[in-house]
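One structure below.
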Amino acid sequence: MVIIDSHCHLFFPEYTADLEKKLEYANAQGVLYFLSVSTSPENISQNIFISNTHRNVFCSVGIHPCHADDLFDTIEITKYIGEEKVIAIGEVGLDYFYDNPLKSSQKQLLSKMLELSEELPYIFHARDCFPDILEILADHKGKKGVFHCYTGSLENAAKILDMGFYISFSGVITFKNSNEIRNVLRYIPDDRLLVETDSPYLAPVPFRGKTNEPGYVRIVAEKMAEVRETSLEHIAQVTTSNFFNLFNKAKRFAIDDEK
């Protein structure tokens, strides 16, 4: 059984001292691959270093919407896209939960990010921003990607699926007050489902409030199985298959591991 943490942030300072122990623990839980997601040009090089020094770690490049007011040159991102372990653009998107950055700045940044690649899939951060993000994506047809850590409505999930995107769920599905999100989880077809931690954030119950880590993605997968009334093995199989179908640049590493 193979489980993949499709969204974590291994370069964050929470892991500086004991990353190897965290990854070893994850491996013991059946978590064999990780996608470490960049949030700004300031952490891309560190993220790439981690992926290059760990065979089972992949990474992405992008600018999180919270940095929309920062003066970053997209050239700082494009020069990394050809790196072997860079398998996605992200995370990018919109976040209207806070007042800053301005919505207009976030929209401009997202539009710029969507011009970075026609081949690589995108990792979308979307919080309290529907229908704006769907309208922007409608203007950039042909993109593939995943809405990570989904906490939106069933109605918006249906629109996301209609546009061909995947949907990923985090430890939020284990929270007591997340019945609506669990209802959405039941609705997502097997072939569009991914699982993640978003670590070091959003640790699942029973670790809620503590630092999250990639090994806890097994707990999220177990909750998925419970909610969808299936087995952990089935969740592991479909989410792993979906990961390599979406992030197909990573397939070579999985094939090599099977030899």
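What follows is calculated from the coordinates using simple rules that are stated; it is not laboratory data. From a predicted model like this one, the values you see are computed outputs, not experimental measurements. As a convention, Cβ positions derive from the backbone with ideal geometry for all residues, glycine included, and neighbour counts pool all protein chains shown.
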>> Between a residue in region 148-164 that is without any contact (Cβ under 8 Å) to a residue 60 or more places away in the chain and of a type in the set (G, A, S) and any residue that is in a loop (DSSP other than H, G, I, E, B) and surrounded by 15 or more Cβ atoms within 10 Å (Cβ to Cβ), which pairs come within a Cβ distance under 7 Å, given they are 6 or more apart or on different chains?
In response: G152/F130; A157/Y150; A157/I188; G164/K144
>> Return the residues of region 178-226 that are surrounded by fewer than 18 Cβ atoms within 10 Å (Cβ to Cβ) and either at positive phi or of a type in the set (V, I, T) (or both); say none if nothing qualifies.
In response: V205, G209, T211
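Do we have L202 as more than 16 Å from F175 (Cα to Cα) and of a type outside the set (S, T, N, Q) here?
Values: more than 16 Å from F175 (Cα to Cα): no; of a type outside the set (S, T, N, Q): yes.
No; evaluated as a whole, the condition is false for this residue.
Would it be correct to say that T151 is under 16 Å from the mean Cα position of the chain (by Cα) and either farther than 17 Å from I3 by Cα or of a type in the set (D, E, K, R) (or both)?
Details: under 16 Å from the mean Cα position of the chain (by Cα): yes; either farther than 17 Å from I3 by Cα or of a type in the set (D, E, K, R) (or both): yes.
When the stated conditions are applied, T151 passes them.
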> Does E229 qualify as being among the acidic types (D, E) and assigned to a helix (DSSP H, G or I)?
Replying inline: no
> Do any residues in region 8-21 that are part of a helix (DSSP H, G or I) have Cβ atoms under 8 Å from those of residues that are surrounded by 12 or more Cβ atoms within 10 Å (Cβ to Cβ) and hydrophobic (A, V, I, L, M, F, W, C), where the two are at least six apart or on different chains, and which pairs are they?
Replying inline: L19/L10; L19/I50
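Just to be sure, is Y96 within 19 Å of the chain's Cα centre (by Cα) and farther than 21 Å from P131 by Cα? Don't jump to the end; show me each part of the working.
Details: within 19 Å of the chain's Cα centre (by Cα): yes; farther than 21 Å from P131 by Cα: no.
Considered against the rule, which asks whether it is within 19 Å of the chain's Cα centre (by Cα) and farther than 21 Å from P131 by Cα, Y96 comes out as no.
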>> Between G215, G209, G171, which is of a type outside the set (D, E), closer than 30 Å to K21 by Cβ and in contact with a Phe, Trp or Tyr (Cβ under 6 Å, 6 or more places away or on another chain)?
In response: G215
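Can you tell me which residue within region 74-122, out of those that are among the basic types (K, R) and in a loop (DSSP other than H, G, I, E, B), is surrounded by the fewest Cβ atoms within 10 Å (Cβ to Cβ)? So that I can check it myself, show each step before the final result.
Taking region 74-122 and keeping what is among the basic types (K, R), we get 79, 85, 103, 107, 112.
Among the residues that remain, those that are also in a loop (DSSP other than H, G, I, E, B) are: 79, 85.
Values: K79: 12, K85: 22.
By that ranking, first place goes to K79.
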> Among the residues of region 44-60, which ones are out of contact with any Leu (no Cβ under 8 Å at 6 or more places or on another chain) and either surrounded by 17 or more Cβ atoms within 10 Å (Cβ to Cβ) or in a strand (DSSP E or B) (or both)?
Replying inline: I44, I48, S51
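How many residues are farther than 19 Å from S168 by Cβ and without any contact (Cβ under 8 Å) to a residue 40 or more places away in the chain when one looks only at region 28-50? If you could, list the steps in order and put the result at the bottom.
Residues of region 28-50 farther than 19 Å from S168 by Cβ: 28, 40-46, 48-50.
In the following step, the residues that additionally are without any contact (Cβ under 8 Å) to a residue 40 or more places away in the chain were identified as 40-46, 48-49.
The number of residues fulfilling the criteria is 9.
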